[in-house]
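Q: Below you'll find the structure I mean.
The values are calculated or read from the model by the stated rules, or taken from the named source; none is laboratory data. Just so you know, these numbers come straight off a predicted model, no measurement behind them. So basically every Cβ, Gly included, is an ideal-geometry build from the backbone, and we count neighbours across all protein chains shown. All accessible areas refer to the heavy atoms of the entire protein, side chains included, with ligands and DNA or RNA removed. Shrake-Rupley method; radii C 1.70, N 1.55, O 1.52, S 1.80 Å.
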Amino acid sequence: MVDRNFIRAASRLSPKMAFYHLKRIARNKFAVKAPKIYKYYIDRKVASLPEFKFTGRENLCLAKKVAAFYAPEYRPHAADATTGAFTLFGHRLDFGAPENIDWNAKIEAEQDFHLWRMKLGHMGVVCPMLIDGKPEQLDAVSRLIDGYLESTSYQQPGAFTSYLFPYSVSHRLLALVSGFIIAHNNNSIPKDLEIKLKNFLRWNAGFILNNIEHELKNNHVERNLAALCLYFDALDNVSADLVSSLDRNIKEIIEACILPDGLLAERSAMYQGLSVMALMIFSESQILSQATRATAKERLEKAIHAWAIMTHPDGEISLFNDSWWGEVPPIDHIFPDRLPMRSLEILDSAGYARLAGAKIFAIFDAGPIGPSWNPGHGHGDFLSAEVDLDGKRFIVDPGTYQYSTGKRRLHERSVQSHNGPCWRDVNPVQYNGCFKVGKLAAASLVFDPDSTALQIAGKLELQGGIVQREVQLTNNDTLKFFDRWSDKPKAAQVTLIIQGEWALAERTSSSLSFRAGSKRGIISVETGSIDSIYAGQWARNYLKSEAATYIVLKPDQTSSSRGGSLKWTVRHL
């Protein structure tokens, strides 16, 4: 029997997405059964591409901008990589030598979705190894490429979800092309390694070109196209048909995936940083049309501002939807001279708002689960807020511990694990596996664009009722929350997650005081009650769980209706 959630998800695909889904399924089966034929097919496509030659067209300034997304992250691990050891997401595997890497390796912490080996396939560490030009590191790069070519095959189970995953190959091309251009400018690449790199890059470009992930129509396609654009931008004699196809696809993905306010349609602050990188490439490309470059430049300016809005005072990103720290550099590392922010910033297309006082800060989510055609990175953040006190995370999102299917993944995506007003027995969104989403839901921002008040509101309308939240910033140190439920007050709740560095110092019937070193904060309930407090977990880094305190608040029943209301405040002391 076909799963109802699968039918719902499939019904939202465009004909183009459906076609490419079928193509991907056919590729995965055919390549395993006939690997020699598939290799011949790819090799012929690669042979049709112009050879990589340094002609002066390569954009050194752009290469440095792209490398800034890879080199700082991986440089601390470059010395280990020369011996074949790799630490990703805090988990280390030692293969003994760079030529002995098992590109299909798994770690015990992951279950059915193996992001560790996908990230290994990015080869991000090669970027700083090329740039720094140390002889032992360049030798390791040469051996790493030799080992990859000798040990990998289209026939291996899991190949297309690890080292041949087009998303991973795209990151690989971005990291290696940017590092290669910089290293070539520094005259630090031996001739034999230069030839090897040119051939390897050409193969990676040809593979991506024939495996663009149009079935997803999301940030993966951005990555595919950005990698191809960076690569072909440095070449002479690129065919007019190829350039025209790239230009058309890039314009299409910008229009589909970058909202008018600049935020990625998937509403993830982490993937937002990668969207900014892609837009930087598109806006500076020498092969794209002037119109496409202009579109990319216009969206880039807004995307940088949106990325800043989704960044906390500690310099790190919001954790709404699928996001974690360390996957992209902090925005200040890329754009150190940004314009100052206002006390209230709103992303009206995405459904986010940012409130900032001298001692208190919040990001408020009142948007959809994600784009209807692919909401796979969405969480039930509806009407939730992340709150900082004196620059330190206080009320946090549960985060994304890992993508693998299981209780933790379901918990982190559920509305009940977020602090938006909800019912304990109502799930507005239905999930299936790691990324499939059946039933959808969307909250909406409610605000007066002409008002100068530092407040924002949102609403979520469901078949079973309506929930609303209003947030007000007062005195530069206090946030007031007003939550309302249309009915079923006995099942209504708000669950706050206090990150573990804050210790509960004092409790009364209507307030909770917390300390973190010299910092102090208090949560006070004016209407409603503190129902329960218990220990839990959250994750700001992938595959790293941290302690947290969970607090459940319950509303009072509204006297004039079947609904309920909850009024509570967060204040810096």
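Q: May I ask you to verify whether Tyr70 is within 23 Å of Pro166 (Cβ to Cβ) and open to solvent by less than 50 Å² (accessible area, probe 1.4 Å)?
A: Criteria met by Tyr70.
Q: So which residues in the stretch 63-106 are assigned to a strand (DSSP E or B), under 23 Å from the mean Cα position of the chain (by Cα) and without any contact (Cβ under 8 Å) to a residue 24 or more places away in the chain, if there are any at all?
A: Matches in the stretch 63-106: Thr87, Arg92.
Q: Test Leu13 against the stated conditions and say whether it is open to solvent by 40 Å² or more (accessible area, probe 1.4 Å), part of a loop (DSSP other than H, G, I, E, B) and in contact (Cβ under 8 Å) with a residue 24 or more places away in the chain.
A: yes
Q: Could you check how many residues of the stretch 16-38 are aliphatic (A, V, I, L, M) and either touching a helix residue (DSSP H, G or I) at 6+ places or on another chain (Cβ under 9 Å) or open to solvent by less than 50 Å² (accessible area, probe 1.4 Å) (or both)?
A: So the count comes out to 6.
Q: Related question: Given the conditions (1) open to solvent by 10 Å² or more (accessible area, probe 1.4 Å); (2) under 22 Å from Gly121 (Cα atoms); (3) not in a helix (DSSP H, G or I), report the number of the one that Glu213 does not fulfil.
A: Condition not satisfied by Glu213: (1).
Q: Among Lys567, Lys519, Lys544, which is the only one that is under 21 Å from Glu470 (Cβ atoms) and surrounded by fewer than 20 Cβ atoms within 10 Å (Cβ to Cβ)?
A: Lys567
Q: Hey, another quick one. Check the stretch 355-365 and report whether any residue there is closer than 23 Å to Ala303 by Cα, assigned to a loop (DSSP other than H, G, I, E, B) and either open to solvent by less than 20 Å² (accessible area, probe 1.4 Å) or not assigned by the TED database to the domain that holds Tyr20 (or both).
A: Filtering the stretch 355-365 for residues closer than 23 Å to Ala303 by Cα gives 355-356, 361-365.
Now drop any that are not assigned to a loop (DSSP other than H, G, I, E, B), which leaves none.
The answer is no, given that none of the residues of the stretch 355-365 is closer than 23 Å to Ala303 by Cα, assigned to a loop (DSSP other than H, G, I, E, B) and either open to solvent by less than 20 Å² (accessible area, probe 1.4 Å) or not assigned by the TED database to the domain that holds Tyr20 (or both).
Q: Of the residues in the stretch 120-161, how many are of a type in the set (Phe, Trp, Tyr) and part of a loop (DSSP other than H, G, I, E, B)?
A: Residues that pass the stated criteria total 1.
Q: Ok, one more. What number goes with the only condition from (1) open to solvent by less than 10 Å² (accessible area, probe 1.4 Å); (2) within 18 Å of Glu327 (Cβ to Cβ) that Phe165 does not pass?
A: Against the list (1) open to solvent by less than 10 Å² (accessible area, probe 1.4 Å); (2) within 18 Å of Glu327 (Cβ to Cβ), Phe165 comes up short only on (1).
Q: Quick one: which residue in Asp390, Asp337 is of a type outside the set (A, V, I, L, M), surrounded by fewer than 24 Cβ atoms within 10 Å (Cβ to Cβ) and on the phi > 0 side of the Ramachandran plot?
A: None of the other options fit; the residue is Asp390.
Q: Looking at this structure, is Ile369 β-branched (Val, Ile, Thr), modelled with pLDDT of 95 or more and either open to solvent by 10 Å² or more (accessible area, probe 1.4 Å) or under 28 Å from Ser11 (Cα atoms) (or both)?
A: Taking the combined requirement at face value, the residue satisfies it.
Q: Can you name the number of the only condition in (1) of a type in the set (A, V, I, L, M); (2) open to solvent by less than 10 Å² (accessible area, probe 1.4 Å); (3) within 30 Å of Ile497 (Cβ to Cβ); (4) touching a residue at least 40 places away in the same chain (Cβ under 8 Å) that Ala308 fails?
A: The single condition Ala308 does not satisfy is (4).
Q: Right, here's the next one. Looking for something outside any helix (DSSP H, G or I), more than 22 Å from Gly351 (Cα to Cα), among the polar types (S, T, N, Q) and at pLDDT 95 or above - is there at least one such residue anywhere in the stretch 289-309?
A: Among the residues of the stretch 289-309, at least one is outside any helix (DSSP H, G or I), more than 22 Å from Gly351 (Cα to Cα), among the polar types (S, T, N, Q) and at pLDDT 95 or above, which makes the answer yes.
Q: Taking the criterion of being more than 17 Å from Thr292 (Cβ to Cβ), in contact (Cβ under 8 Å) with a residue 60 or more places away in the chain and either in contact with a helix residue (DSSP H, G or I) (Cβ under 6 Å, 6 or more places away or on another chain) or open to solvent by 40 Å² or more (accessible area, probe 1.4 Å) (or both), would at least one residue in the stretch 183-193 satisfy it?
A: Checked against the condition, which is being more than 17 Å from Thr292 (Cβ to Cβ), in contact (Cβ under 8 Å) with a residue 60 or more places away in the chain and either in contact with a helix residue (DSSP H, G or I) (Cβ under 6 Å, 6 or more places away or on another chain) or open to solvent by 40 Å² or more (accessible area, probe 1.4 Å) (or both), the stretch 183-193 yields at least one hit.
Q: Please work out which one of (1) open to solvent by less than 10 Å² (accessible area, probe 1.4 Å); (2) among the hydroxyl-bearing types (Ser, Thr, Tyr); (3) more than 20 Å from Phe335 (Cα to Cα) is the condition Ser289 fails and give its number.
A: Among (1) open to solvent by less than 10 Å² (accessible area, probe 1.4 Å); (2) among the hydroxyl-bearing types (Ser, Thr, Tyr); (3) more than 20 Å from Phe335 (Cα to Cα), Ser289 violates only (1).
Q: Among the residues of the stretch 222-231, is there at least one that is in a helix (DSSP H, G or I), touching a helix residue (DSSP H, G or I) at 6+ places or on another chain (Cβ under 6 Å), open to solvent by 10 Å² or more (accessible area, probe 1.4 Å) and of a type in the set (Lys, Arg)?
A: Taking every residue of the stretch 222-231 in turn, none turns out to be in a helix (DSSP H, G or I), touching a helix residue (DSSP H, G or I) at 6+ places or on another chain (Cβ under 6 Å), open to solvent by 10 Å² or more (accessible area, probe 1.4 Å) and of a type in the set (Lys, Arg).
Q: Mind telling me which of the residues Lys480, Lys490 ends up being open to solvent by 50 Å² or more (accessible area, probe 1.4 Å), modelled with pLDDT of 95 or more, over 20 Å from Gly351 (Cβ atoms) and assigned by the TED database to the domain that holds Ala366?
A: Lys480
Q: Considering only the stretch 407-423, I want to know if a residue exists there that is in a strand (DSSP E or B), in contact with a Ser or Thr (Cβ under 9 Å, 6 or more places away or on another chain) and not aromatic (Phe, Trp, Tyr).
A: Yes.
Q: Follow-up question, since we're still on this one. What are the pairs, 6+ residues apart or on separate chains, where a residue within the stretch 506-523 that is touching a residue at least 12 places away in the same chain (Cβ under 8 Å) has its Cβ under 6 Å from a residue that is assigned to a strand (DSSP E or B) and of a type in the set (Asp, Glu)?
A: Ser513/Glu506
Q: Among the numbered conditions (1) in a loop (DSSP other than H, G, I, E, B); (2) among the hydrophobic types (A, V, I, L, M, F, W, C); (3) under 25 Å from Arg143 (Cα atoms); (4) within 31 Å of the chain's Cα centre (by Cα), tell me where Phe113 comes up short.
A: Of the numbered conditions (1) in a loop (DSSP other than H, G, I, E, B); (2) among the hydrophobic types (A, V, I, L, M, F, W, C); (3) under 25 Å from Arg143 (Cα atoms); (4) within 31 Å of the chain's Cα centre (by Cα), the odd one out for Phe113 is (3).
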